[in-house]
Amino acid sequence: MSTTSRTKVTLLLAAGPAVGELRERLAGERELLAERVPQGAVAIAGIGVDDRAPKAALTAEERDGYDQAGYAGALSVAGRAGLADELTAALEGAAARLGDAIDARASVAVAGTEETFIAGDGPLGGLFAVRRPADRTLQQMHDFWRLEHTKLSMLIPDFVYRQFHGVDYASERAAAVAGVGGHDVDGIVEWFFDSLAWQARLAELPLMTELYVDERNFIDHERSPISYVEYL
């Protein structure tokens, strides 16, 4: 299975009391980060969107599993392998700059390697913040996700698919540098689409039930929220 990869650091941003200002602040922060990252690296920002339509098409069991509230936004920097330190440094003070638009203590940093399995992008995206079950080591979780679960994910029609595998110590360092409280997300399932109507149709596929059951091998659904974002 051929993939491309890059180093990435993402902040999953919980809503603060001034969350209505988050879109504008994220846009400004993305512009600032674009100047701070190394040449060839990129800054990416997404603002959370209403997830009721996609979730309405899920079965009752799936809704229970995917019912955790998503994040209000996401901020990422990404570049070639070997840039982890530089990308992390670019995010220094990000939480303070976003101010009360976020809840910094409830926000989470993830740092590691993003792999693209099906290339492409779109104006909207899904971010599934994965935390592993208690009986799985981090390596077991990553191996099952990449080597086994991917076989099912690749069957989804018109799917643009990436896996972002977190590294514990790198995520902890990124959280400290950026000023957010969490670093316990093990990875992020990332996909892209053109409309929430497409995402709702995806949820109706019979394959999605099979995927949900298989996810239990490496995901603790009760601690793993899905967020839908509009990229700025």
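The values are calculated or read from the model by the stated rules, or taken from the named source; none is laboratory data. All figures in this text were calculated on a predicted structure; none of them were measured in a lab. Here the Cβ is made from the backbone with ideal geometry for all residues, glycine too, and neighbour counts use every protein chain on show.
Give me the pairs: first residue in region 117-133 and over 21 Å from Leu11 (Cβ atoms) and in contact (Cβ under 8 Å) with a residue 12 or more places away in the chain, second residue part of a loop (DSSP other than H, G, I, E, B) and of a type in the set (Val, Ile, Thr), beta-carbon distance under 7 Å, and six or more apart or on different chains, which are they?
From region 117-133, the pairs are Phe117/Thr3.
Given the criterion farther than 16 Å from Ala200 by Cα, aliphatic (A, V, I, L, M), buried (at least 16 other Cβ atoms within 10 Å of the Cβ) and modelled with pLDDT of 95 or more, identify the matching residue among Val37, Val42.
Every option except Val37 fails the conditions.
Which pairs have Cβ atoms under 6 Å, sit 6 or more apart or on different chains, and link a residue in region 9-25 that is more than 17 Å from Gly166 (Cβ to Cβ) to one that is assigned to a helix (DSSP H, G or I) and among the hydrophobic types (A, V, I, L, M, F, W, C)?
Note: pairs meeting the criteria are Gly16/Ala101; Ala18/Ala101; Val19/Ala101; Glu21/Ala101; Leu22/Ala101; Arg25/Leu98; Arg25/Ala101.
Among the numbered conditions (1) of a type outside the set (Phe, Trp, Tyr); (2) closer than 19 Å to Ile226 by Cβ; (3) surrounded by 17 or more Cβ atoms within 10 Å (Cβ to Cβ), tell me where Ala174 comes up short.
Looking at each condition in turn, Ala174 falls short on (2).
Show the residue pairs meeting these rules: Cβ distance below 8 Å; 6+ apart or different chains; first residue within region 165-187 and without any contact (Cβ under 8 Å) to a residue 40 or more places away in the chain; second residue part of a helix (DSSP H, G or I) and surrounded by fewer than 18 Cβ atoms within 10 Å (Cβ to Cβ).
Sorted first by the residue in region 165-187, then by its partner, the pairs are Asp168/Leu138.
Can you tell me which residue in region 26-52 is nearest to Val77 (Cα to Cα), limited to those that are in contact (Cβ under 8 Å) with a residue 60 or more places away in the chain and among the β-branched types (Val, Ile, Thr)?
Out of the qualifying residues, it is Ile44.
Can you tell me which residues in region 152-171 are hydrophobic (A, V, I, L, M, F, W, C) and either surrounded by fewer than 16 Cβ atoms within 10 Å (Cβ to Cβ) or more than 30 Å from Gly99 (Cβ to Cβ) (or both)?
Residues satisfying the conditions are Leu152, Met154, Leu155, Ile156, Phe159, Val160.
Within region 213-222, identify whether any single residue is within 18 Å of the chain's Cα centre (by Cα), over 19 Å from Asp135 (Cα atoms) and not in a helix (DSSP H, G or I), and answer yes or no.
No; the residues of region 213-222 include none that is within 18 Å of the chain's Cα centre (by Cα), over 19 Å from Asp135 (Cα atoms) and not in a helix (DSSP H, G or I).
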